[in-house]
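**Student:** Sharing a structure with you now.
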Amino acid sequence: MPIRITSPDDDRVADYFRLTDVALRKKLETERGLYIAESEKVIRRALARGDRPRSFLMGQRWLDDLADIVADAEAADVPVYVGEADVIESMTGFHLHRGALASMNRPALASPEELLRDARRVVVLEDIVDHTNVGAIFRSAAALGVDAVLVTPRCADPLYRRSVRVSMGTVFQVPWTRIDPWPGSVTRLQEAGWTVAAMALADDSVTLDELAAREPERLALVMGTEGDGLGTRTVAACDVTVRIPMAGGVDSLNVAAASAVAMYTLRV
């Protein structure tokens with residue numbers, strides 16, 4: 001039977017403590033090798049990929065909606081915890097609108113070479129620190145046929161709870177891994193046959209349509225962090241700099257919006 005939790009300090013559900021404390025979450029997730037999946041859709045996508053649950057935490061009504069997952073969990077001896085909304089909110093630090101959480105074991109990341117073996121279109125996220133933007137970019141990547149996403153060492157974690165939620169679980173659908181060192185690995189991509197394009201404002205940049213007309217066989221599109229954009233070393237190392245033509249006195253778009261425009265224009 002599901003295990004009822006009546007105290008927000010119950011150590012059996014320590015994976016779910018203070019989920020809004022980003023620094024604490026990053027520390028715990030690194031130490032424990034876990035990530036948090038929130039909502040039925042996200043949990044189902046994580047399980048469909050083959051990720052292994054550590055435990056589940058949900059409100060009473062979700063025992064029926066997730067009856068098949070609960071049954072599978074009990075068969076595999078994975079604990080299912082149930083609590084009242086106020087207990088869960090006090091425990092996690094936020095109101096659980098979508099009713100269910102799962103603590104999942106993090107899968108091992110593939111090497112970039114393994115991930116890119118059969119790919120033709122990939123996106124590189126350089127030091128993007130906003131989890132909402134990371135999640136939105138993954139959602140666009142899934143919708144617009146991007147084969148993989150590479151994230152640099154200082155980029156926000158795609159498996160952070162907010163990234164996963166904003167992506168609607170597509171972080172489990174689009175293959176991704178970290179690429180290190182950066183920007184030193186630009187050369188590594190070029191030697192493997194990739195055209196590496198930097199999205200940046202520069203006098204010698206070409207438009208997205210001009211780059212698409214070249215029909216590069218394998219294209220890695222590099223997106224920069226919010227505010228500062230791509231580093232100067234990164235831009236210098238890339239094969240081409242690309243821009244989105246702007247009107248109305250606007251010089252740039254939010255990185256998530258810009259990524260969607262670029263992915264659509266450069267799709268194959």
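The values are calculated or read from the model by the stated rules, or taken from the named source; none is laboratory data. Source: prediction; values computed, not measured. Glycine gets a Cβ as well: all are built from the backbone with ideal geometry, and neighbour counts include every protein chain shown. Accessible surface areas use protein heavy atoms only, side chains included; no ligands, DNA or RNA. Shrake-Rupley method; radii C 1.70, N 1.55, O 1.52, S 1.80 Å.
**Student:** Counting DSSP beta bridges with both partners in segment 181-268, what percentage is antiparallel, nearest 5?
**Tutor:** If we restrict to bridges inside segment 181-268, about 10 percent are antiparallel.
**Student:** Determine the percent antiparallel among the DSSP beta bridges restricted to segment 1-128, to the nearest 5.
**Tutor:** In segment 1-128, DSSP labels about 60 percent of beta bridges as antiparallel.
**Student:** Given R₀ = 35 Å, what would the calculated FRET efficiency be for Asp204 paired with Arg18, taking r from the Cβ atoms and rounding to 0.05?
**Tutor:** 0.15
**Student:** Sticking with this structure for a sec: Return the Rg/Rh ratio of the chain with Cα-based radii and a Kirkwood Rh.
**Tutor:** Answer for the chain: 1.03.
**Student:** Rg to Rh for segment 132-268: what is it, with Cα atoms only and Rh by Kirkwood? Walk me through the intermediate numbers first.
**Tutor:** Working: Rg = 14.3 Å, Rh = 15.3 Å.
So for segment 132-268, dividing Rg by the Kirkwood Rh gives 0.93.
**Student:** Multiply the residue gap between Glu89 and Met246 by 0.36 nm, knock off their C-alpha separation, and tell me the result in nm, one decimal place.
**Tutor:** The span from Glu89 to Met246 would gain 52.1 nm if fully extended.
**Student:** Have a look at segment 48-138 and give its Rg and Dmax from the Cα atoms, expressed in angstrom.
**Tutor:** For segment 48-138, the Cα radius of gyration and maximum Cα-Cα distance read 17.4, 48 Å.
**Student:** Which length gain, in nm to one decimal place, applies between Ala76 and Arg32 when the Cα-Cα distance is subtracted from 0.36 nm times their residue separation?
**Tutor:** Values: separation 44, 0.36 × 44 = 15.84 nm, distance 2.01 nm.
Extending this stretch completely gives an extra 13.8 nm.
**Student:** Would you mind telling me the share, in percent, of accessible area of segment 110-268 contributed by carbon and sulfur at probe 1.4 angstrom?
**Tutor:** Working: 3390 of 7050 Å².
Result for segment 110-268: 48 percent of the exposed heavy-atom area is carbon or sulfur.
**Student:** Find how many whole Å separate the alpha carbon centroid of segment 148-174 from the alpha carbon centroid of segment 99-122.
**Tutor:** 9
**Student:** Between Arg4 and Arg117, what is 0.36 nm times their sequence separation minus the Cα-Cα distance? Round to one decimal in nm.
**Tutor:** 36.0 nm
**Student:** Still on this structure: How many percent of DSSP beta bridges within the chain run antiparallel, rounded to 5?
**Tutor:** Approximately 30 percent, going by the DSSP bridge assignments.
**Student:** Under a Cβ-only charge scheme (Lys and Arg +1, Asp and Glu -1), can you give me the dipole magnitude of segment 1-159 about the Cα centre, in debye to the nearest 20?
**Tutor:** Its charge dipole is roughly 420 debye.
**Student:** Another question, if that's okay. Which value, in debye to the nearest 20, describes the size of the charge dipole of segment 123-268 about its Cα centre when Lys and Arg Cβ atoms bear +1, Asp and Glu Cβ atoms bear -1, and nothing else is charged?
**Tutor:** Dipole of segment 123-268, to the nearest 20 debye: 580 debye.
**Student:** Within 10 Å of each candidate Cβ there may be at most 14 other Cβ atoms; applying that plus a DSSP loop requirement, which chymotrypsin sites (Phe, Trp or Tyr not before Pro) in segment 132-186 survive?
**Tutor:** On the way: sites: Phe138, Tyr160, Phe172, Trp176; in loops: Tyr160.
In loop regions of segment 132-186 (DSSP not H, G, I, E or B), there are no sparsely surrounded chymotrypsin sites (Phe, Trp or Tyr not before Pro).
**Student:** How large are Rg and Dmax for segment 63-104 when calculated on the C-alpha trace, in angstrom?
**Tutor:** In Å, with Rg to one decimal and Dmax whole: 11.2, 30.
**Student:** How do the peptides 105-111, 14-20 rank, highest first, by the average count of neighbouring beta carbon atoms within 10 Å per residue? Intermediate results must be reported in sequence, preceding the final value.
**Tutor:** Details: 105-111: 12.7, 14-20: 17.1.
Result, highest mean first: 14-20, 105-111.
**Student:** Towards the positive end of the charge dipole of segment 78-120, with charges on Cβ (+1 Lys, Arg; -1 Asp, Glu), say which of Leu115, Leu101, Ala85 has the farthest Cα.
**Tutor:** Farthest towards the positive end: Leu115.
**Student:** Same structure, new question: Keeping every protein chain present and rolling a 1.4 Å probe, give me the accessible area per residue for segment 155-268 in Å².
**Tutor:** Averaged over the residues of segment 155-268, the accessible area is 46 Å².
**Student:** For the peptides 139-147, 182-190, 75-83, what is the packing order when you average, over each peptide's residues, the other Cβ atoms within 10 Å and list the highest mean first? Walk me through the numbers before you get to the answer.
**Tutor:** Values: 139-147: 19.7, 182-190: 17.9, 75-83: 16.0.
Per-residue Cβ counts within 10 Å, averaged per peptide and sorted highest first, yield 139-147, 182-190, 75-83.
**Student:** For the chain, give the magnitude of the charge dipole about the Cα centre (Cβ charges: +1 Lys/Arg, -1 Asp/Glu; no others), in debye to the nearest 20. It would help to have the intermediate numbers written out before the result.
**Tutor:** Numbers: 31 positive and 39 negative charges, 43 e Å.
Value, rounded to 20: 200 debye.
**Student:** Summing -39500 (n - 2.57) over the DSSP H runs of n ≥ 4 in the chain and dividing by its residue number, what mean residue ellipticity at 222 nm do you reach, to the nearest 500 deg cm²/dmol?
**Tutor:** -9500 deg cm²/dmol
**Student:** Over every pair of different alpha-carbon atoms in segment 1-84, take the mean of 1/r and invert it; report that Kirkwood radius in Å.
**Tutor:** Numbers: mean 1/r = 0.0734 Å⁻¹.
About 13.6 Å, per the Kirkwood formula over Cα pairs.
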